[in-house]
Amino acid sequence: MYPRLYVHKDRTYNNAKAVVSLCAEQGIDVTGVVKGCSGNIAASKAVLKAGVKQVGSSRMSQIEAIKKEIPDAKTLMLRIPMISEIEKLVTFCDYSLQSEYEIIELVEHECHNQGKTHDVILMMDLGDLREGYMNEEEIISVAAKVENDMKYVKLAGIGTNVGCYGSVKATPDNLGKLVAIAYKIEALIGRKLDIVSGGATSSLPLVVGGEMPKGINHLRIGEGLLTCREVSEFYHSPVVGQTTDAFILEAEIVEIKTKPTYPIGELAYDAFGNKPSFEDRGIKKRMLLAVGRQDFGQHEKLVSLDETIEIIGSSSDHLIVEVSEQSKSYKLGDTISFEIMYPAMLYLTESPDVFKVVV
Ligand SMILES: *Cc1c(COP(=O)(O)O)cnc(C)c1O
């Protein structure tokens with residue numbers, strides 16, 4: 001049955017192991033973030049085996065499923081929790097990122113009800129302008145209140161996020177500010193913080209380049225241990241030992257024909273309301289594959305393993321590829337395989353029409 005998405009557990013393990021080992025050399029622990037593959041259980045097990053300290057997701061349903069399948073796994077909720085999900089937060093998550101004292105108080109209350117403890121990481125906004133306290137005094141005073149006034153909620157540490165909304169780059173300068181705040185909190189509460197979390201995959205280039213400020217001892221890595229393209233392609237500093245083929249899409253050919261490259265008729269809008277442009281390159285041989293944007297998002301996020309084939313377009317349910325003189329002769333029912341980038345993984349792992357095959 002097609003389309004299929006292969007989840008290679010050994011490749012995922014190797015990719016995660018490469019990051020975990022590199023970070024360990026610099027005293028940095030890793031949360032393996034699995035929201036990008038919709039919390040796939042096989043992938044979660046592979047990253048845990050590679051030595052990540054927690055598995056993280058932004059979606060409660062994924063964390064709930066992981067906790068039920070892998071009860072020993074420590075789980076981290078990445079999105080600031082909704083008040084309406086606090087009961088599940090306390091039941092299924094060991095750690096959470098927090099930026100509102102009102103919510104932390106409700107977590108304390110729920111922990112009391114369930115007779116459990118819960119670890120929080122307070123988020124500082126260093127300029128990327130998504131979650132976190134903007135004000136240094138405020139995060140320090142909230143940290144002291146959690147430390148001194150709460151019985152069930154434990155202050156695990158502080159963290160930050162860059163390179164998400166505001167596309168701000170992780171630098172020794174901005175992450176150094178996080179370390180400075182951590183030192184102030186430690187002086188105030190009279191103990192060391194367990195976690196000073198310096199961001200996501202976008203912070204990895206500092207580790208690769210040996211520029212991570214001392215004092216950052218934790219990162220939350222998703223893309224950089226699943227699809228593994230960002231660090232080498234955007235920042236040109238690959239993590240040695242990683243491959244980009246842990247997740248492979250395989251789709252079936254349903255039509256093979258020679259067609260013009262320029263549409264015939266008066267041009268208006270495509271299926272998504274866009275006005276595309278076309279170049280007339282004469283008549284070409286092309287194939288139609290039974291997988292579409294509803295499954296993978298944008299075809300620009302797919303990379304054909306057969307390099308003689310070019311992806312030229314897609315609609316909700318179809319992918320159109322062009323075959324060249326060098327291509328082998330495909331027939332109907334044959335399949336084509338693709339490496340996928342992070343956004344395509346996000347959609348493909350969610351699509352009920354894509355068969356997930358763990359290999
Ligand atoms: C998604 C997420 C991450 C991981 O992001 P990657 O870029 O995939 O490494 C880390 N922290 C938070 C808060 C997130 O939401």
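Derivation of every value follows stated rules applied to the coordinates shown; laboratory data play no part. The shown structure was predicted, so the numbers you read here are calculated from the model rather than taken from an experiment. Note: ideal-geometry Cβ built from the backbone for every residue, glycine included; neighbour counts use all protein chains shown.
Numbers at a glance
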quantity: Theoretical gain in end-to-end length, Asp173 to Arg281 [0.36 nm per residue, Cα-Cα removed]; calculated: 33.9 nm
quantity: Computed P(r) (all Cα pairs; the stretch 1-46; 10 Å bins; percent); calculated: 24, 48, 22, 5, 1
quantity: Nearest 10 degrees, 0 to 90: helix 60-69 Cα axis against the chain principal axis; calculated: 80
quantity: Residue (of Gly282, Ser329, Ile340) at the positive-pole extreme of the stretch 247-358, dipole from beta-carbon charges; calculated: Gly282
quantity: Footprinting exposure proxy for Val196, Val168 (fewest neighbouring C-beta atoms within 10 Å first); calculated: Val168, Val196
quantity: Ala144 paired with Lys214, simple spin-label distance in nm, labels 7 Å along Cα-to-beta-carbon; calculated: 2.7
quantity: Length-normalised contact order for the stretch 33-116 - Cα pairs under 8 Å, 6+ apart - percent; calculated: 23
quantity: Under the Karplus curve 6.51 cos²θ - 1.76 cosθ + 1.60, θ = phi - 60°, whole-Hz ³J(HN,Hα) for the stretch 115-123, x wherever Gly or Pro sits; calculated: x, 10, 9, 8, 9, 10, 10, 7, 9
quantity: Helix 9-25 vs. the chain, principal-axis angle (Cα, 0 to 90°, nearest 10); calculated: 40
quantity: Percentage relative contact order, the chain, counting C-alpha pairs under 8 Å, at least six apart; calculated: 19
quantity: Spread of Cα-to-Cα distances over 5 Å intervals beginning at zero, given as percent, for the stretch 247-358; calculated: 2, 11, 21, 24, 20, 13, 7, 1, 0, 0
quantity: Ordering of 35-44, 135-144 by burial proxy (mean other Cβ atoms within 10 Å per residue, highest first); calculated: 35-44, 135-144
quantity: Cleavage-rule hits (chymotrypsin sites (Phe, Trp or Tyr not before Pro)) in the stretch 228-273: DSSP loop, at most 13 neighbouring Cβ within 10 angstrom; calculated: Phe234, Tyr269, Phe272
quantity: More than 21 angstrom apart: percent of Cα pairs within the stretch 131-265; calculated: 55
quantity: For the stretch 81-148 versus the stretch 284-312, the gap between their alpha-carbon centres in whole angstrom; calculated: 43
quantity: Test item: Cα-centred dipole of the chain, Lys/Arg +1 and Asp/Glu -1 on Cβ, debye; calculated: 760
quantity: For Asp280, net neighbour charge (Lys/Arg +1, Asp/Glu -1) across residues whose Cβ lies under 15 Å away; calculated: +2
quantity: Fluctuation leader among Leu97, Leu175, Leu267 - the chain, Gaussian network, Cα springs under 10 angstrom; calculated: Leu267
quantity: Segment Ser21-Tyr165, length gained on full extension (0.36 nm per residue, minus Cα span); calculated: 49.0 nm
quantity: Distribution of pairwise C-alpha distances over the stretch 50-171, 5 Å bins, in %; calculated: 2, 11, 21, 22, 20, 14, 7, 2, 0
quantity: Approximate spin-label separation Asn135-Lys49, in nm, with each point projected 7 Å along Cα-to-Cβ; calculated: 4.9
quantity: C-alpha center-to-center spacing [the stretch 323-359, the stretch 184-252] in angstrom; calculated: 28
quantity: Against the rule of thumb 2.2 N^0.38 Å, how large the Cα Rg of the stretch 42-95 comes out; calculated: 1.06
quantity: Helical contribution to [θ] at 222 nm, DSSP H n ≥ 4, -39,500 (n - 2.57), averaged over the chain, rounded to 500; calculated: -9000 deg cm²/dmol
quantity: Contact order normalised by residue count of the stretch 247-358, Cα under 8 Å, 6+ apart, percent; calculated: 34
quantity: Rg over Rh, two decimals, the chain (C-alpha only, Kirkwood Rh); calculated: 1.05
quantity: Angle in degrees between helix 101-114 and the longest Cα principal axis of the chain, rounded to the nearest 10; calculated: 80
quantity: Unsatisfied cross-links (Cα-Cα over 32 Å) in the set Lys88/Lys301; Lys74/Lys184; Lys257/Lys301; Lys45/Lys328; Lys331/Lys356; Lys9/Lys151; calculated: Lys88/Lys301; Lys45/Lys328; Lys9/Lys151
quantity: Cut-off under 5 Å, modelled amide H: who pairs with His218 long-range; calculated: Asp29, Val196, Gly198
